[in-house]
1. Within segment 151-159, can one find any residue that is within 19 Å of Ile316 (Cα to Cα), out of contact with any His (no Cβ under 8 Å at 6 or more places or on another chain), modelled with pLDDT of 95 or more and within 14 Å of the ligand (Cβ to nearest atom)?
2. Considering only segment 179-222, state which residues are away from the ligand (no atom under 13 Å from the Cβ), assigned to a loop (DSSP other than H, G, I, E, B) and among the aliphatic types (A, V, I, L, M).
3. Taking the options Val256, Val192, name whichever one is in contact (Cβ under 8 Å) with a residue 60 or more places away in the chain and in contact with a Pro (Cβ under 9 Å, 6 or more places away or on another chain).
4. Determine whether segment 224-246 contains at least one residue that is surrounded by fewer than 16 Cβ atoms within 10 Å (Cβ to Cβ), without any contact (Cβ under 8 Å) to a residue 12 or more places away in the chain and within 23 Å of Gly182 (Cβ to Cβ).
5. Tell me, which helices (runs of 4 or more DSSP H) lie completely within segment 295-366 with 3 or more residues that are within 16 Å of the ligand (Cβ to nearest atom), more than 13 Å from the chain's Cα centre (by Cα) and of a type outside the set (Lys, Arg)?
6. Please go through (1) surrounded by fewer than 17 Cβ atoms within 10 Å (Cβ to Cβ); (2) modelled with pLDDT of 90 or more; (3) touching a strand residue (DSSP E or B) at 6+ places or on another chain (Cβ under 9 Å) for Ser183 and return the number of the only condition it doesn't satisfy.
7. State all residues of segment 101-153 that are assigned to a helix (DSSP H, G or I), small (Gly, Ala, Ser) and within 25 Å of Asp298 (Cβ to Cβ); if no residue qualifies, say none.
Amino acid sequence: MFKFLKKKLKSWVKKAGKPEKIVKASGKTKPKKEKELKEKKALKKGKILKPVMKFNVGTKTYEPDFEKTVEALKEDVKEPHVRKSIFSILKKKLTNEKFDGMFQELELILIQNNVAYSAIKSIELSLKEQLIGKDLSSVDIKSVLKKSIEDILINPPDFFREIAKTLTTKKPYVICFVGINGSGKTTSIAKVAHMLKKKYSVSLAAADTFRAASIEQLQKHAEKLGVHLTKKDYGDDPASVGYEAITYAKKHHIDVVLIDTAGRMQNKDSLMREIEKISRVNKPDMKLFVGESITGNDATEQAKAFNDSIDLTGIILSKADVDEKGGTAISVSHITKKPIFFLGTGQEYKDLEIFNKEKVLKSLGL
Ligand code: GDP
């Protein structure tokens, strides 16, 4: 994750942070001594020297080659700042126009690395606010870029503390997992169950009664993890599976119930109605969207659709281990304004990493 983006951002920061090329004054004059010696030699040989015509404009002295001097003067009038000292060049303020040119390259890098357009616009705005009118010499481009990405990413609340807080007043704590088929939902549920088991009693609910083999898949995880699974038949009402799982948990003093749901995005409207119903009936304490890190804009759009429908608590980005780009984290955070709780980093139960924005920024080289 972030492999490509890191490399690209690094080269952009390097380029953007470079002071502009300094244009040397034309009409180079040879060092005085060398010139004097040459003149003396020529005089000794009896040569007639051309008179050296010098003239002043402002504080500068110009001398022939005359044609070159005229050209230089013309340029000076056109761009009076060009021929100034290194310090005055570095002190030049960054204009809107120059910024746009500079940003075009970064925009392309971000698009290529799965950062959604609206997130790019937000980064652009933030960079503009911090850079326009500033002397490039006095700005640390890297920290400015870091700040604009940092503002988008959200650190998640402490997962265990959230659960512990609620468990003081209500039991079981209910977490509903949503996301499209193949996104890693079932695997993520098993990973979360594995993690929670260290502190709490856990049970699962097979509320995906639509996808063939989904119940058996969750059953396998439940057996492996040694936790209870509430299941019904394919085609049964998913909301009622959740309800039964919660009733079972209450009866058996189970701390946390994890509900799996269906994810047929090809039938988006009915899926969203189903998810809304599960949410309404089971009143989950946490609603987590599971999306594939590698799918970029697809995952972002899915997250938005689920968030619009059931107001997500947060996000799990699966398959971060095979995602070299890394921009999806920035995109989903920006679009949903919800924290990423975990990154899925492999297929084993242990491969679940708490999301940490500082770590992400570091892995981006920022
Ligand atoms: P679901 O249809 O959303 O329930 O998706 P599954 O949990 O069945 O996952 C689909 C595939 O993705 C399976 O082969 C998983 O082993 C794999 N998978 C899930 N999470 C991860 C992850 O974090 N990293 C990798 N590399 N593979 C994952």
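1. Taking every residue of segment 151-159 in turn, none turns out to be within 19 Å of Ile316 (Cα to Cα), out of contact with any His (no Cβ under 8 Å at 6 or more places or on another chain), modelled with pLDDT of 95 or more and within 14 Å of the ligand (Cβ to nearest atom).
2. None - no residue of segment 179-222 is away from the ligand (no atom under 13 Å from the Cβ), assigned to a loop (DSSP other than H, G, I, E, B) and among the aliphatic types (A, V, I, L, M), so the list stays empty.
3. Details: Val192 fails: in contact with a Pro (Cβ under 9 Å, 6 or more places away or on another chain).
Exactly one of Val256, Val192 is in contact (Cβ under 8 Å) with a residue 60 or more places away in the chain and in contact with a Pro (Cβ under 9 Å, 6 or more places away or on another chain), namely Val256.
4. Checked against the condition, which is being surrounded by fewer than 16 Cβ atoms within 10 Å (Cβ to Cβ), without any contact (Cβ under 8 Å) to a residue 12 or more places away in the chain and within 23 Å of Gly182 (Cβ to Cβ), segment 224-246 yields no hits at all.
5. Because the criterion is at least 3 residues that are within 16 Å of the ligand (Cβ to nearest atom), more than 13 Å from the chain's Cα centre (by Cα) and of a type outside the set (Lys, Arg), the helices (runs of 4 or more DSSP H) in segment 295-366 that meet it are 297-310.
6. Every listed condition holds for Ser183 apart from (1).
7. Restricting attention to segment 101-153, the residues satisfying the condition of being assigned to a helix (DSSP H, G or I) are 101-112, 117-131, 136-138, 141-150.
With small (Gly, Ala, Ser) added as a condition, the list becomes 101, 118-119, 122, 126, 137-138, 143, 148.
The answer is Ser118, Ala119, Ser122, Ser148.
Conditions (1) in contact with a helix residue (DSSP H, G or I) (Cβ under 7 Å, 6 or more places away or on another chain); (2) farther than 25 Å from Ile215 by Cβ; (3) of a type outside the set (D, E, K, R); (4) at pLDDT below 95, marked per residue:
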{"site": "His252", "(1), (2), (3), (4)": "no, no, yes, no"}
{"site": "Arg264", "(1), (2), (3), (4)": "yes, no, no, yes"}
{"site": "Glu276", "(1), (2), (3), (4)": "yes, no, no, no"}
{"site": "Leu352", "(1), (2), (3), (4)": "yes, no, yes, no"}
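The values are calculated or read from the model by the stated rules, or taken from the named source; none is laboratory data. Because the structure is a prediction, the values reported are computed rather than measured. As a convention, Cβ positions derive from the backbone with ideal geometry for all residues, glycine included, and neighbour counts pool all protein chains shown.
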